[in-house]
Amino acid sequence: MGFDMDELRSAALDDEVAIESIEPYLAPEVRSDKLFGMTAVERMFLSVGCFILTSLGGFVILLVLEKIAL
């Protein structure tokens with residue numbers, strides 16, 4: 001059918017791609033103890049604040065819907 005396996009093999013071996021170094025694309029090594037730009041204490045205060053706001057919001061919704069009474 002016109003396909004010669006030896007020609008295909010030789011064509012595949014002839015077209016080798018030059019592999020470039022990835023070193024210029026790497027970010028410089030940065031060491032930081034911060035996650036999301038915050039220290040551990042800041043993250044703790046944020047999580048406690050979110051917990052209090054969620055609890056208070058749920059309490060207010062239950063009061064408004066008259067599921068609980070004071």
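Observations on the structure shown:
- Only helices enter the 222 nm calculation for the chain: every DSSP H run of n ≥ 4 contributes -39,500 (n - 2.57), and dividing by all residues gives -17000 deg cm²/dmol, rounded to 500.
- Kirkwood Rh and Cα Rg combined as Rg/Rh, the chain: 1.61
- Degrees separating the helix 40-64 axis from the principal Cα axis of the chain, which is the longest one: 60 degrees
- Gaussian network model of the chain, springs between alpha carbon atoms under 10 Å - residue of 47, 21, 55 with greatest fluctuation: 21
- Rounded tilt (10° steps) of 5-14 against the dominant C-alpha axis of the chain: 70 degrees
Any read-out appearing in this document is the output of simple, stated calculations on the displayed coordinates, not a laboratory observation. Bear in mind the structure is a predicted one, so any value in this text is a computation, not a measurement.
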